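Below is one structure, written out as structure tokens, with a few remarks after it.
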Amino acid sequence: TVFSVNNGTKGTRVSVVEGEVHVNYAGLEDVLRPGDQTTTNASVERVPVKSEVAWSRNAEKYGQMVTSLSALRKEVNQKAPRPGVRYNSRFLKLLPEGTVLYAALPNLATTLSESNRIMQERIKQNPALKEWWDKENSAAVRDRVSTTQIMDRVREFGEYLGEEIVVGARMNQQGEPGDVIVLGDLKNSEGFRPFLEKQIADLKGNDKGAPQVRIIDDPATATQEAQKADSKAPTEILVWINQDFFAIAPRLEQLQQLAARMKAPEANPFTQSPFYARINETYADGAGLVVAADLQKIIAQLVQRDANTPEGEKRVALYRQLGLLDLKHFVVEQKEKDNHTYSQAALTFNEQRKGIASWLAQPGPMGSLEFISPEANIVAAFVVKEPVSLVDDLLGYLETASPGLQAKLKEIEAEHKLNLRNDIAAPLGGEYAFAIDGPVLPTPSWKMIFEVYDQAKLQQTLGRIVEEVNKEAAKDGKGGLALESETSGGQTFYTLKSVDFGLELHYTYVNGYMIAAASRALVDRAIRYRQSGQTLLQSARFRAGLPADGNTNFSALFYHDLAPLLKPLADRVQNTSQLPKEGQDALKAMAADGQPTLAYAYAQGDRITLASNTDGGPFGLSPASILGLPNSFALQHILMEGMGKKSGK
């Protein structure tokens, strides 16, 4: 555990860098974890944990480490070769009927081997990297398993394997994945067998509870003892090496059935299934990593299991209302395309989306983004179907899940003379956006933009809500809320204040949108961004992440850019001399090199597609991520952690 205790005349401030600290004072107890802080007196201001330990004599060393790690991560991702895409799979048509889970993995051995070589060269040349590497791999050194040994083994395996490994699974009677089978290409089958035998011999006996691995020559002539009925885990793993491919399965019967399918793959019933056709689509455009699930079959089995009890029938009715019973397939893929990592997840349905799946609307223009600046740090925006329809759906689901809830809601509406559907949902449009757009210190510059169909109606509703809140507050002797307005330059600005807590919300209406923010200045700036045309949509960093496809709009998007977020932090640290020069340079490097991330969604007809064009993607399959090189968030943690550890000592 590493923590700081700063005690003085006014009180005590406790800051935690690593581990867990329990702080007892005045009969109270706080449990602090990394990054947490507490004070024993309100007059003792809370400060960034980093500044509490910035005086460490080792801060310079850790500043150098962060800079070196950032440069190494960038070099590895740029120079390491990536696996290419595949346009067909010889194994897809060999999977058994009833397959509900599918995964296809590219051969990453060359990528990992070359990435490790680059990394080891830089570690030898850089003391700061060597210190980080020794610390990160202390457990491996203790267990006498070096990274070099692991990478050598990966490289050796990769030299025998082809470009793809496929994993398939069916569902067992308990509704769990079962009958797992692994298929893969071999470039050198004659050499692979003695190599695998040596690996099996080396691993044998290390884990007494692990299943034994056995190589067989021919499934037709091989034998296998029956597995115990009460055993869930397989006691044996069979490996069949046949010319230029291998197959792995826990049951001999699986390999025998595979041999039969190989004689007439076109007669395999699985090739006639919609799930097979859906997976085949991914290869048509080039496949990298592919993970797919036949949700239609999985859900049907779960529904069949649940339909025999009253509670189960209730759940099934709710699932049907939510549209979950219409789910068909789920396919996730990640590949290298045009020197970028492209990631996509697609959810398809049996028919046009219904229920909760229909809430996300078809791609449409997002005028709300015109109120956001090119330097925005975080942006989330989406379009939904008519809010009135959404409320109707929601009330219907609540009634199914909890009968009588709708009647209770009507009582509350009658008491306060408000109607959720007509007074709140009806005046709103279907477009919404949220952004952190401006300085984050000392108060985050947040803003929200709502599409509004009926400004007068919505403002009337807000006024009535304030009245009702104040009535309830008065019963408890509280001040409640205050709603004020001011007209300037023909524009009416509103301020909603909490009398008791001093919090404020500022908003106005412009061209069919409500712009709400933490301050009047933020609202003013949002209007000026739109008037000048200098908006997020014109940002080169934002536009660099836009996908090259046939769509002109999105149903939803999420964008973040750490560079503008880190720059004011780096400037503030520099101006207050809270870090040595090397630490300041590290923050500047991250602010300059940080790449933005754009994720987006399309809701079209019978499917919803989520995608992003960012290095590593959601699976972290960039070379640097696989080898454990930290991303920009982790680099900041390393800087703070390193300084804190040394100061704690």
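Between ALA544 and SER485, the simple label model (points 7 Å from Cα in the Cβ direction) yields a spacing of 4.5 nm.
Sequence-ordered 3J(HN,Hα) estimates for the range 543-551 from the Karplus curve with 6.51, -1.76 and 1.60 and θ = phi - 60° stand at 5, 5, x, 5, x, 8, 9, x, 8 Hz, glycine and proline given as x. Rolling a 1.4 Å probe over the protein heavy atoms of the range 405-557, with every protein chain left in place, gives an accessible area that is 54 percent carbon and sulfur.
Report the full-extension gain for the segment ASP244 to LEU420: residue separation times 0.36 nm, less the Cα-Cα distance, to one decimal in nm.
Details: separation 176, 0.36 × 176 = 63.36 nm, distance 6.52 nm.
56.8 nm is the gain from fully extending ASP244 to LEU420.
The stretch between LYS471 and GLN199 holds 90.4 nm of extra length on full extension. This uses 0.36 nm per residue minus the Cα-Cα distance.
Give me the tail of P(r) for the range 330-463 as a percent: Cα-Cα pairs with distance above 27 Å. Walk me through the numbers on the way to the answer.
Values: 3860 of 8911 pairs.
Tail of P(r) above 27 Å: 43 percent of Cα pairs.
Computed with a 1.4 Å probe over protein heavy atoms only, the accessible area of ILE449 comes to about 0 Å².
On the beta carbon distance between THR223 and LEU405, with R0 = 35 Å, the FRET formula returns roughly 0.05.
Mind ordering 261-267, 349-355 by average Cβ neighbours within 10 Å, highest first?
Working: 261-267: 11.4, 349-355: 17.0.
So the peptides 261-267, 349-355, ranked by packing, come out 349-355, 261-267.
With each label modelled as a point 7 angstrom along the Cα→C-beta vector, the ALA264-LYS124 pair spans 6.0 nm.
Mind ranking 20-26, 117-123 by how tightly packed they are, going by the mean number of other C-beta atoms within 10 angstrom, highest first?
Working: 20-26: 12.7, 117-123: 17.1.
Descending packing order for the listed peptides: 117-123, 20-26.
Amide H to amide H distances under 5 Å link GLY480 with VAL499, ASP500, where only residues 5 or more positions off or on other chains count and H is placed in the peptide plane.
The values are calculated or read from the model by the stated rules, or taken from the named source; none is laboratory data. All of these numbers come straight from a predicted model, not from anything done at the bench. Cβ: placed from backbone, ideal geometry, glycine included. Neighbour counts: every protein chain shown. Accessible surface areas use protein heavy atoms only, side chains included; no ligands, DNA or RNA. Shrake-Rupley method; radii C 1.70, N 1.55, O 1.52, S 1.80 Å.
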